[in-house]
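What follows is a single structure, written as structure tokens, with notes after it.
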Amino acid sequence: MNHHRSIVHMDLDTFFVSCERLLDSRLNGKPVLIGGTSDRGVVASCSYEARQFGIHSAMPMRMAKALCPEAIILRGNSGIYTKFSKNVTDVIKETVPLYEKTSIDEFYIDLTGMDKFFGCHKLASELRQRIIKETGLPISFGLSINKTVSKIATGEAKPNNEIRIHSGTEKPFLAPLSVKKIPMVGNVTYKSLCDLGVKRIKTVQDMPMELMHKVLGKNGLSIWKKANGIDNRPVIQYHERKSISTERTFNKDTTNVSKLRGIIIAMAENLAYQLRRGNKLTACITFKIRYSDFQTYTQQQRIPYSSMDHSIIPVVLDLFKKLYHRRLLVRLIGVKFSHLVEGGHQINLFEDNEKHLHLSQAIDKMRERYGDRSVITAAGMEAKSISRWNPFTGEPPPLLANRRQ
């Protein structure tokens, strides 16, 4: 018997807003915006009432204010959201054998084979009701044979509802929807597709696979597959990672401060990139130094949840400055980020500075394309320019200094 999979995608509706409403019921029914609150801020989450004004997440806050002057604007509080997210995760963990958490408010659940005991749909429905009852948060789900179709179904089910796509009906379900609904179609791809006259998923379904490949490369192939409801990606068991770290032992002990500083920046940048790639944030930074006499010192510092270089690197350098004794030969240095939580992309939107956000996104895209070490700040490149840069006054490297406006 060909046993098809049963994959549920669950997504908490306007999660940050829902958390704030649980804490303050006066926000119910009002247009609420959450994100960076300054003029440079970006909307991280908005209520359905706010969406009716044309507001969406990742929109600049000042634009959202102009569209809806009466909106209530709140600065995001990642600690609270992390706690609520954990409550939901705990309910899911107790109920299902296999789940994957892909962001702070989003889960895939593999119920394949559970229908021997009771219907998968019934199980998913009961789980959803339990989450709503035990956490007070609204949540929606889509159920189908794979991740893509379920995720798109969840989008159609919202707010606070559920949809099941019966096996064999994936293509007709997807056909009338906008190609924008395919999870990997961002604004750039959407524009290329529109230029081809492709607006609805049906049009992609009707195109030969080769044509999509020719026009959009291997991206085009995956889009074609997803448009046709084909997606074999497994649900990967979720494990809470408590920390990530890196250390470097020198084959020859060193006292070269600018070299040390350059390596430390490169380590911190690399770890921060790994955080962003894994959609995670850290709230605790530890720095470790070992001297040639094997004396080892560590110091840590709590920070507001972040995965952005500009919030993390100064803290790492500050810890280095506190621990470093000149005149001693250094044998090893290490950097560790702990208290990790997921939901990085969304929570980074609480950062007030759009410029930093766009810069790190652009750099990450290049790293994905050309490899981890392709883009690093001048300081991270043990570059000649470092020697002109006083490691203790913390003046920026020439590269960044020129960029300042």
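The condition (being surrounded by fewer than 22 Cβ atoms within 10 Å (Cβ to Cβ) and at negative phi) is satisfied by just one residue among Ser38, Ser18, Ser47: Ser38.
Of the helices (runs of 4 or more DSSP H) lying entirely inside region 7-111, those containing at least 3 residues that are within 22 Å of Thr154 (Cα to Cα) and among the β-branched types (Val, Ile, Thr) span 78-95.
Going residue by residue through region 284-303, is there one that turns out to be on the phi > 0 side of the Ramachandran plot and of a type in the set (S, T, N, Q)? Checking region 284-303: not a single residue is on the phi > 0 side of the Ramachandran plot and of a type in the set (S, T, N, Q). Would you confirm whether any residue within region 360-383 is of a type in the set (D, E, K, R), modelled with pLDDT under 70 and more than 17 Å from Met267 (Cβ to Cβ)? Scanning region 360-383, I find no residue that is of a type in the set (D, E, K, R), modelled with pLDDT under 70 and more than 17 Å from Met267 (Cβ to Cβ), so the answer is no.
Given the criteria in contact with a Cys (Cβ under 7 Å, 6 or more places away or on another chain) and within 17 Å of Ile236 (Cβ to Cβ), does Leu111 qualify? Please lay out each step first, then the result.
On the way: in contact with a Cys (Cβ under 7 Å, 6 or more places away or on another chain): yes; within 17 Å of Ile236 (Cβ to Cβ): yes.
In short, yes.
The residues in region 166-176 that are aliphatic (A, V, I, L, M) and out of contact with any Lys or Arg (no Cβ under 7 Å at 6 or more places or on another chain) can be counted, and the count is 1.
Against the list (1) in a strand (DSSP E or B); (2) buried (at least 18 other Cβ atoms within 10 Å of the Cβ); (3) touching a Lys or Arg at 6+ places or on another chain (Cβ under 9 Å), the condition Tyr305 fails is (3). Looking for whichever is touching a strand residue (DSSP E or B) at 6+ places or on another chain (Cβ under 6 Å) and either β-branched (Val, Ile, Thr) or modelled with pLDDT of 85 or more (or both) here; the options are Leu332, Leu328, Leu349. Which one fits? Answer to the check: Leu332. Within region 272-317, being in contact (Cβ under 8 Å) with a residue 24 or more places away in the chain, under 24 Å from Ile80 (Cα atoms) and among the hydrophobic types (A, V, I, L, M, F, W, C) holds for Ala272, Leu275, Leu281, Ala283, Cys284, Ile285, Met308, Ile312, Val315.
When the residues of region 112-136 are filtered to those that are without any contact (Cβ under 8 Å) to a residue 60 or more places away in the chain and outside any helix (DSSP H, G or I), the one that is surrounded by the fewest Cβ atoms within 10 Å (Cβ to Cβ) is Phe117. Suppose we filter Thr169, Thr189, Thr203 for residues that are under 26 Å from Phe15 (Cβ atoms) and among the hydroxyl-bearing types (Ser, Thr, Tyr); which single one remains? Answer to the check: Thr189. Kindly check whether there is at least one residue in region 241-261 that is of a type in the set (D, E, K, R), over 22 Å from the mean Cα position of the chain (by Cα), crowded, with 20+ Cβ neighbours inside 10 Å and in a helix (DSSP H, G or I). Within region 241-261 (the criterion being of a type in the set (D, E, K, R), over 22 Å from the mean Cα position of the chain (by Cα), crowded, with 20+ Cβ neighbours inside 10 Å and in a helix (DSSP H, G or I)), the answer is yes, since at least one residue qualifies.
Each residue in region 216-240 was checked for being of a type in the set (Val, Ile, Thr), more than 21 Å from Arg276 (Cα to Cα) and surrounded by fewer than 16 Cβ atoms within 10 Å (Cβ to Cβ), and 1 pass. Only one of the numbered conditions (1) assigned by TED's automatic domain parsing to the domain that holds Ser306; (2) outside any loop (DSSP other than H, G, I, E, B) is not met by His356, and that is (1). The selection criterion, being more than 12 Å from Leu74 (Cβ to Cβ) and surrounded by 24 or more Cβ atoms within 10 Å (Cβ to Cβ), does not hold for Leu33.
The values are calculated or read from the model by the stated rules, or taken from the named source; none is laboratory data. Since the model is a prediction, treat every value here as computed from it, not as a measurement. Virtual Cβ from ideal backbone geometry, glycine too; neighbours counted across all protein chains shown.
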